[in-house]
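Comments concern the structure below.
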Amino acid sequence: MTQRAEHSTVMDRLAIDDLITGYAHAVDDGDWSAYRELFTKDGRADYRSAGGIEGGCEEIAGWLAEMMRHFPVRQHLIVNRRIVLDTRDGAPGDTATVRADYLNPMRLADPAGAVPADHGAVAPNYTCGGRYAFTVHRTPEGWRLAEVVVHEKWRQVVPQGKER
């Protein structure tokens, strides 16, 4: 591999890592416009293993906007990222896969739907963990998500009023 190819590979890996971080921030911040911009035009997501839906980016963004109202406090921690870039004749290609573990502590809204006034001062009472499988494509706008698949492995729900 030439220095030029090695430099390009490093830059691609950094851009892909930034894309995955952008995904976490968009979901946690409820920024559904930014969420949509992370995907290719035909991008899809599959949240079925976590009790959600599977569909195109627009459908998923609408569903997430509704569902995340139940979790006014949320924080995605996406770690152990394994990025595998495809190659063509020894040069970086235009597709990559990312496998990454996640831990997602959240706070359920109270039954009346009220949002805690002190957001961060209350402990999470709903936590889940698992692994993401991302497929990303290089586009004229940069790297974008073509597919997001959630593989939830576990969850813990602490009943309201039982938190420590």
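Structure data summary
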{"read-out": "(1) 17.6, 61; (2) 14.9, 48; (3) 16.0, 51, with the label sought being that of the calculated Rg and Dmax of the Cα atoms in Å", "value": "(1)"}
{"read-out": "Nitroxide proxy distance, nm - points 7 Å out along Cα→Cβ at SER33 and LEU14", "value": "2.8 nm"}
{"read-out": "Percent of beta bridges antiparallel (DSSP, the chain, rounded to nearest 5)", "value": "90 percent"}
{"read-out": "222 nm mean residue ellipticity, helices alone, for the chain (DSSP H n ≥ 4; -39,500 (n - 2.57); rounded to 500)", "value": "-8500 deg cm²/dmol"}
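Only the coordinates and a few stated rules stand behind these numbers; no lab work does. Quick caveat, the model's predicted, so the values are computed rather than measured. FYI the Cβ positions are ideal-geometry reconstructions off the backbone, even for glycines, and counts take in every protein chain you see.
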